[in-house]
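Notes follow once the structure below has been shown.
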Amino acid sequence: MKMLREARRTTVLGRLRVSNRVGVLRSDLMRVGSVDIGPGALLAPMEAVTDLPFRTICEEHGAALTYTEFLSAEALIRGAEKVVGRMWPSLGGRRFAVQVFGRDPIVVAAAAVAAAEIGACLVDINMGCPARKVTAGMCGSALMREPALAASLVRAVRAALPSNIPVTIKQRIGWNDLSINAAEFALRMVEAGAALVTVHGRTRDQGFSGPVRLASIAAVRAALPKEIPVVGNGDVKTIDDYLRMKRETGCDAVMIGRAARGNPWLFRAILALETGAPLPARPSIAEQWQVWRRHADMVVQYTNDKMRLHELRKTLAWYSRGLYGGAELRHKAFQENQPAAVLALGERFFAALHAREQSRAETGESDYPGGLAARSLARHLRRHGEGEKRCAD
Ligand SMILES: Cc1cc2nc3c(=O)[nH]c(=O)nc-3n(C[C@H](O)[C@H](O)[C@H](O)COP(=O)(O)O)c2cc1C
């Protein structure tokens, strides 16, 4: 432990991998400016998804850092209640990142300062959103066609933030196949002051489907100074996807978006892989039930009256994906008109599954599909064997 502490103290920049004397306990810290990010995957910013309940569940299951959804810088500094309300600090004093979008350097810098004031440990500028409502205002991924303006946003935010709060960016690999500029663009942002670059390995034209171009993420890693972490993002749904993203891009960390919906156990499995801890068993139905309920209770607590029913249906839909009877449940949930009725439906669903799991355990049967993390862990172990369980070694 002494060596571990010493190594942490003496490292100045960059990704640090240290082990204690017997080589069992390992720790990976990713240094972003003066902020250390622990081992594990990062939760991607997602509009209408990464609210406080969602982020809390992912943090409790091992996400190394969570981000708010992208927030309009202009709306934030105007004090628009709806947008300001989405900048909720993580519970328990845990660190969190705020993502903003905009194209006016003064406005974006002021929004970044507001984010720092409510406790964000870093401020990320969105340079990857493909939505027309955003790119029409020349924000989001449209900035990849205007590197000079994008750099001026980074410079303005860097100058406005306290020195201990890094500014980071999240970009794509380019606007379309004819204008892949991921590496040059990222380098320019780093020269302007970005301390970390996240790359979603698709062009703006691809939206959210089609192949993720790992080679373009690797090109960003190769182009940037070693001390600037690169985060790979896109279609990481399993442990195998995670390992492939790291292996083929050389990225310092991985960011997970859609696959985290209803499956926070993916973060737990990745954290175990990275720290050399025993791989967790697949979540039992009882555990899935308990985590859904905790998530749903936070939705009730933190969501306004208008959105509560919708958010509860959505949450139940995420957690029932891949489970026996899930499709029928979702159909019923969308017919319910009261939050309490959706909660009761979820309770009955998980109680029935739990009883079924118990009786199957007694007879030695098991046909539950399990969560994605469980399935991917099983596949990983089949392919690579027990010997690679400590893949961080
Ligand atoms: C519903 C939804 C909302 C999103 N909102 C944001 C956002 O606010 N900011 C952002 O940078 N990316 C946003 N993204 C993109 C994700 O952060 C991520 O880059 C993308 O989904 C690819 O990662 P994945 O395959 O792990 O989901 C969003 C994606 C989805 C599906």
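Need one number: convex hull volume per residue for the chain, Cα atoms only, in Å³.
Values: hull volume 57.2 nm³, N = 393.
It is 145 Å³ per residue.
Full extension from A131 to R321: what is 0.36 nm times the residue separation minus their Cα-Cα distance, to one decimal in nm?
Values: separation 190, 0.36 × 190 = 68.40 nm, distance 2.64 nm.
Using 0.36 nm per residue and subtracting the Cα-Cα distance, I get 65.8 nm.
Spin-label model, A281 to N304: label points 7 Å out along the Cα-to-beta-carbon direction sit 4.4 nm apart.
Distance between the C-alpha centers of region 78-146 and region 248-267? Whole Å please. Result: 21 Å between the Cα centres.
Could you list H331, H310, H200, H61 in order of exposure, starting from the residue whose Cβ has the fewest other Cβ atoms within 10 Å? Show your work: numbers first, answer last.
Values: H331 9, H310 15, H200 29, H61 23.
The fewest-first ordering by Cβ neighbours comes to H331, H310, H61, H200.
Legend: calculated FRET efficiency, E47 to E362, from the Cβ-Cβ distance at R0 = 45 Å, rounded to 0.05, equals 0.50.
Residue separation times 0.36 nm, minus the C-alpha to C-alpha distance between E81 and D177: what's the value? Don't skip to the answer; put the middle values down first.
On the way: separation 96, 0.36 × 96 = 34.56 nm, distance 3.90 nm.
My answer for the length gained is 30.7 nm.
Can you sort F334, F267 by how many other beta carbons sit within 10 Å, fewest first? Mind showing how you got there, number by number?
Working: F334 14, F267 26.
If I rank by nearby Cβ atoms, fewest first, I get F334, F267.
3J(HN,Hα) couplings calculated from phi for region 292-304 with the Karplus curve 6.51 cos²θ - 1.76 cosθ + 1.60 (θ = phi - 60°) are, in sequence order, 4, 5, 5, 4, 5, 5, 5, 4, 4, 6, 9, 9, 6 Hz; Gly and Pro show x.
Compute, for region 285-363, the length of the dipole vector about the Cα centre, with Cβ point charges of +1 (Lys, Arg) and -1 (Asp, Glu) only. Units Debye, rounded to 20. Write out the running numbers ahead of the final one.
Numbers: 12 positive and 9 negative charges, 42 e Å.
Dipole about the Cα centre, nearest 20: 200 debye.
The residues packed around T203, meaning those with a beta-carbon under 13 Å from its beta-carbon, carry a net charge of +3 if Lys and Arg are +1 and Asp and Glu are -1.
Ordering T56, A97, S179 by the projection of their Cα atoms onto the charge dipole of the chain, which places +1 on the Cβ of Lys and Arg and -1 on the Cβ of Asp and Glu, puts S179 at the extreme positive end. Ranking W292, A351, G326 by how far each Cα lies toward the positive end of the dipole of region 285-363 (charges on Cβ) leaves G326 at the top. On the beta carbon distance between A352 and E248, with R0 = 56 Å, the FRET formula returns roughly 0.85.
Largest GNM mean-square fluctuation across A159, A64, A259, computed for the chain with C-alpha springs under 10 Å, falls on A159.
Rank these for me by crowding, M245, M307, M87, going from fewest to most other beta carbons within 10 Å. Please list the in-between numbers first.
Working: M245 26, M307 14, M87 22.
Going from least to most buried by this count: M307, M87, M245.
Close amide-amide hydrogen proximity is noted between L65 and L43, each under 5 Å apart and 5 or more residues distant or on a separate chain (H modeled in the peptide plane; Pro and chain starts excluded). Here the average projected area of the convex hull drawn through the C-alpha atoms of region 285-363 stands at 4.8 nm². Spin-label model, D36/A222: points 7 Å from Cα along the beta carbon direction are separated by 3.3 nm.
Expressed as a whole number of Å, what is the distance separating the alpha-carbon centroids of region 176-218 and region 159-173? For region 159-173 versus region 176-218, the Cα centre distance is 16 Å.
Relative contact order for the chain: 14 percent, from Cα pairs under 8 Å spaced at least 6 residues apart, divided by residue count.
Using only side-chain charges placed at the Cβ, +1 for Lys and Arg and -1 for Asp and Glu, the dipole size of the chain relative to its Cα centre rounds to 440 debye. Extension gain, E146 to R293: 0.36 nm times the residue separation minus the Cα-Cα distance gives 48.4 nm.
Bear in mind these aren't lab numbers, they're just calculated from the coordinates by the rules spelled out. Just so it is clear, the model here is predicted, and its values are computed rather than measured. Using ideal geometry, Cβ is built from the backbone for each residue, glycine included, and neighbour counts are taken over all protein chains shown.
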